[in-house]
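Before any comments, here is the structure.
The values are calculated or read from the model by the stated rules, or taken from the named source; none is laboratory data. On a predicted model such as this, the values are computed, not experimentally measured, just so you know. With ideal geometry, Cβ positions are generated from the backbone for all residues, glycine too; neighbour counts draw on all protein chains shown. These area figures cover heavy atoms from the full protein model, side chains too; ligands, DNA and RNA do not enter into them. Shrake-Rupley method; radii C 1.70, N 1.55, O 1.52, S 1.80 Å.
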Amino acid sequence: EPEVTQTPSHQVTQMGQEVILRCVPISNHLYFYWYRQILGQKVEFLVSFYNNEISEKSEIFDDQFSVERPDGSNFTLKIRSTKLEDSAMYFCASSERFLENNPLNTEAFFGQGTRLTVV
Amino acid sequence: AQSVTQLDSHVSVSEGTPVLLRCNYSSSYSPSLFWYVQHPNKGLQLLLKYTSAATLVKGINGFEAEFKKSETSFHLTKPSAHMSDAAEYFCVVSLRGPWIKAAGNKLTFGGGTRVLVKP
């Protein structure tokens, strides 16, 4: 069964360092997402990406964050200068193109997450 | 705007007894509703979804949920809990409609309900 895979599963980094979280979405999917869950808090939407550009982003997704689909298979989230409050579980997800008349395509598939710890 | 409230942060049940996880949503437009489950160190797995077809939705592992528009609820139930049901459960809403086609399927998560199953 196709699945979304994320690497690494755990990442520890020093404050101020850059990190790149990697995701391989399901191959025929066209929409890609990053979500995060700070310990004890809700899962929050960060950004959605379609057709090689950001289609929507939340207030959390400031200039320190960027996303890229460098090679047609990977989807990455970069945090330029990490802060302590960036420590969280980061989930990548992908979905087929949304078609309002076809509810079968409204499912997002999630990866297992990358736990980022900033020290 | 859309939001989701899960009324119980923790639910404890005995094995073999029914499980009820409560979810209320708020959405300006017709919503799609989902329940996801997260087992320890695993990704988010889709249990079931409502996308305007039947209001009673059956999912995997014996779970089902009923969409009640008048009550803005989407409660998750299972007649008989199993030890393997111990996990965290998330109620999730996304908008449907042609005006959000470009934004894909942005998901808004509830706070989660942690289920403990006692032998």
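Residue-wise test of (1) touching a residue at least 60 places away in the same chain (Cβ under 8 Å); (2) of a type outside the set (Asp, Glu); (3) within 17 Å of A:ARG115 (Cα to Cα); (4) within 12 Å of chain B (Cβ to nearest Cβ).
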{"position": "A:GLN6", "(1), (2), (3), (4)": "yes, yes, yes, yes"}
{"position": "A:HIS10", "(1), (2), (3), (4)": "yes, yes, yes, yes"}
{"position": "A:HIS29", "(1), (2), (3), (4)": "yes, yes, no, yes"}
{"position": "A:TYR33", "(1), (2), (3), (4)": "yes, yes, yes, yes"}
{"position": "A:GLY40", "(1), (2), (3), (4)": "no, yes, yes, yes"}
{"position": "A:ILE79", "(1), (2), (3), (4)": "yes, yes, yes, no"}
{"position": "A:THR82", "(1), (2), (3), (4)": "yes, yes, yes, no"}
Residue selected from the range A:93-119 under the condition surrounded by fewer than 16 Cβ atoms within 10 Å (Cβ to Cβ) and at pLDDT 90 or above, by the criterion farthest from the other protein chains (Cβ to nearest Cβ): A:VAL119
I want to confirm something. Restricting to the range B:1-12 and keeping residues that are away from chain A (no Cβ under 14 Å) and assigned to a strand (DSSP E or B), which single residue is least open to solvent (accessible area, probe 1.4 Å)? B:VAL11
Considering B:LYS101, B:LYS78, B:LYS42, B:LYS58, which residue is surrounded by fewer than 17 Cβ atoms within 10 Å (Cβ to Cβ) and at pLDDT 90 or above? B:LYS58
Among the residues of the range A:12-21, is there at least one that is within 11 Å of another protein chain (Cβ to nearest Cβ), in a strand (DSSP E or B), surrounded by 12 or more Cβ atoms within 10 Å (Cβ to Cβ) and β-branched (Val, Ile, Thr)? no
Of the residues that make up the range B:77-85, is at least one part of a strand (DSSP E or B) and closer than 30 Å to A:PRO25 by Cβ? no
Reported set for the range B:13-36 where residues are away from chain A (no Cβ under 11 Å), surrounded by 16 or more Cβ atoms within 10 Å (Cβ to Cβ) and within 16 Å of the chain's Cα centre (by Cα) is B:VAL19, B:LEU21, B:ARG22, B:CYS23, B:ASN24, B:TYR25, B:SER27, B:TRP35
Restricting the range A:53-94 to residues that are out of contact with any strand residue (DSSP E or B) (no Cβ under 9 Å at 6 or more places or on another chain) and in a loop (DSSP other than H, G, I, E, B), which is nearest to A:ILE26 (Cα to Cα)? A:GLY72
Which listed residue, of A:TYR35, A:TYR90, is in contact with a Lys or Arg (Cβ under 8 Å, 6 or more places away or on another chain) and open to solvent by less than 50 Å² (accessible area, probe 1.4 Å): A:TYR90
